[in-house]
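Undergrad: What follows is a single structure, and I will ask about it in a moment.
Just so you know, all these numbers are worked out from the coordinates, no wet-lab data involved. This is a predicted model, so every value here is computed, not measured.
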Amino acid sequence: MKKTALVSGGTRGLGAAIAIYLRSAGYAVAVTYHHNADTAAEFRKNTSIPVFCWDVSDYAQCQEGIRQVELDVGPIDILVNNAGITRDAVLHHMTPGQWIEVINTNLGSVFNMSRNVIEGMRERNFGRIINISSVNGERGQIGQANYAAAKAGIFGFTKSLALESARKNITVNAIAPGYCDTDMVSAIPQEVLEKIVTGIPVGHLGTGSDIARLVVFLADNASGFITGATFDVNGGQFMA
Ligand code: NDP
């Protein structure tokens, strides 16, 4: 029987590439989104991958949404915590709302989603949880104290859950992408983006497939010895 993968924020950007690569690798795949229904409908039409709408920053919605995915698609064997947002501002202008929205969406979601799949994975003695962090969670970034804090928090979560789950054949890993060509990055002013690209040793932005290929590798049954790790996919921009 096909294993089932759930990708949060999988209707566009990196998540969409991850979902398509996982499907090509033979998994039954479902994706979530939150606001952008037209993009989700388009993704569904183009790929036939089922889409589910809920807010990953809300625990009760994750609980109900995952119950529905498991009824419609199957027990979740692979969870990719990919959904994320930015609400950039230097700290002396950052509002409590910008802080909390980014923490809850980028880090709270990782708890909300993982908590609702982990018991099933433990019972079935198999699981792969792949958390999408960021290079800016490793090195910090001006205007992103909220985002960098959330993305750095993912590393501690990943290692702790990896330790708790290791004897149950459940691996938990983090990927820290550098700047990739998605809507999130196209929101950066052109002149700032040009400067950023100048600082990337390979000389260009990453793509969805750069990240998705690694997700497929980590999801594999044969990748069971890799856990608690962080993978930098950033064109050489930051070397830990
Ligand atoms: P995009 O902005 O292109 O897409 C974000 C996705 O997340 C969308 O599907 C969006 O749904 C969904 N989403 C956002 N908020 C919520 C929510 N509250 N509940 C459910 N779904 C939500 O992002 P990217 O593809 O660029 O980024 C994907 C991940 O990779 C993020 O975690 C990001 O932080 C990380 N990352 C990205 C980098 C980049 O350069 N692009 C670099 C480093 C890390 P909807 O369409 O409905 O809004």
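Undergrad: Just to be sure I understand: with springs between alpha-carbon atoms less than 10 Å apart, which residue in Ile200, Ile226, Ile188 has the highest mean-square fluctuation in the Gaussian network model of the chain?
TA: For the chain, modelled as a Gaussian network with Cα springs under 10 Å, the answer is Ile188.
Undergrad: What is the ratio of the Cα radius of gyration of the range 6-143 to 2.2 N^0.38 Å, where N is its residue count, to two decimals? Mind dumping the intermediate values first?
TA: Numbers: Rg = 15.4 Å, N = 138, 2.2 N^0.38 = 14.3 Å.
Here the answer is 1.08, to two decimals.
Undergrad: Can you tell me the orientation of helix 145-165 relative to the chain, as the angle in degrees between its alpha-carbon axis and the longest Cα principal axis, to the nearest 10?
TA: With rounding to tens, the tilt is 30 degrees.
Undergrad: Under a straight-distance cross-link criterion of Cα-Cα below 17 Å, which lysines are reachable from Lys151, leaving out those fewer than 8 residues away in the same chain?
TA: Lys159
Undergrad: Another question, then. Mind checking which aspartates and glutamates have their Cα closer than 18 Å to the Cα of Lys168? Skip sequence neighbours fewer than 8 apart in that chain.
TA: Filter leaves Asp77, Glu119, Glu123, Asp220.
Undergrad: Another question about this same structure. For the chain, what is the mean residue ellipticity at 222 nm derived from helices alone (per DSSP H run of n ≥ 4: -39500 (n - 2.57); sum divided by total residues; nearest 500 deg cm²/dmol)?
TA: The per-residue figure over the chain is -14000 deg cm²/dmol.
Undergrad: Continuing with this model, one more query. Taking only Cα atoms and a 10 Å spring cutoff, compute GNM fluctuations for the chain and point out the largest among Ser186, Ser114, Ser160.
TA: Largest GNM mean-square fluctuation: Ser186.
Undergrad: Once you have a ≥ b ≥ c as the square roots of the Cα gyration tensor eigenvalues for the range 74-202, tell me rounded if a/c is under 1.5, and otherwise prolate or oblate according to whether a/b is larger than b/c. Intermediate results must be reported in sequence, preceding the final value.
TA: Values: a/c = 2.51, a/b = 1.87, b/c = 1.34.
Cα axes put the range 74-202 in the prolate bin.
Undergrad: Across every pair of different alpha-carbon atoms, what Kirkwood hydrodynamic radius in Å does the range 129-231 reach? Provide the component values of the computation, followed by the final result.
TA: On the way: mean 1/r = 0.0675 Å⁻¹.
Its Kirkwood hydrodynamic radius stands at 14.8 Å.
Undergrad: Something else about it: With the convex hull built on the Cα atoms of the range 76-132, state its orientation-averaged projected area in nm².
TA: 4.1 nm²
Undergrad: For a quick check, take a GNM of the chain with Cα springs below 10 Å and name the residue from Lys168, Lys45, Lys159 with the largest mean-square fluctuation.
TA: Most flexible of the set in this elastic network: Lys45.
Undergrad: Using the eigenvalues of the Cα gyration tensor, what equivalent ellipsoid semi-axes result for the chain when each is taken as the square root of five times the eigenvalue, whole Å, largest first? Could the numbers behind the result be given before it?
TA: Details: eigenvalues 143, 74, 68 Å².
Result for the chain: semi-axes of 27, 19, 18 Å.
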